[in-house]
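Structure first, then comments.
The values are calculated or read from the model by the stated rules, or taken from the named source; none is laboratory data. For clarity, every value in this text was computed on a predicted model and none was experimentally measured. Reconstructed Cβ throughout: ideal geometry from the backbone, glycine too, with neighbour counts over all protein chains shown.
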């Protein structure tokens, strides 16, 4: 499963949740494909940390806390150490 496929599934399960794709690839085809499946923003790793932080702030400033209504019981969350 690639990032676009994962984004499609996430948006189907939690459509109101803001989704930012953080990618190594900086190409317009990937961006258009990601936006078409419901990704709210695409950030390229090559743009750097400050741009990513700015994108995250903009994304969550625009949202209205949709995660409070999301059914997270279907998901397992993993943290890398």
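Out of 43, 7, report the one residue that is within 10 Å of the chain's Cα centre (by Cα), within 22 Å of residue 62 (Cβ to Cβ) and assigned to a helix (DSSP H, G or I).
Numbers: 43 fails: assigned to a helix (DSSP H, G or I).
Just a single option satisfies the conditions, and that option is 7.
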Task: Unique match (being at pLDDT 85 or above and surrounded by 12 or more Cβ atoms within 10 Å (Cβ to Cβ)) among 36, 7, 70 - done: 7
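Give me the residue from region 11-39 that is assigned to a helix (DSSP H, G or I) and without any contact (Cβ under 8 Å) to a residue 24 or more places away in the chain and, out of that set, nearest to residue 62 (Cα to Cα). Write out each step before concluding.
So the first thing to find is which residues in region 11-39 are assigned to a helix (DSSP H, G or I), and the list is 11-13, 28-36.
Then keep just the ones that are without any contact (Cβ under 8 Å) to a residue 24 or more places away in the chain; that gives 12, 28-29, 31-32, 35-36.
Working: 12: 20, 28: 23, 29: 25, 31: 20, 32: 20, 35: 16, 36: 19 Å.
Going through the qualifying residues, I end up with 35.
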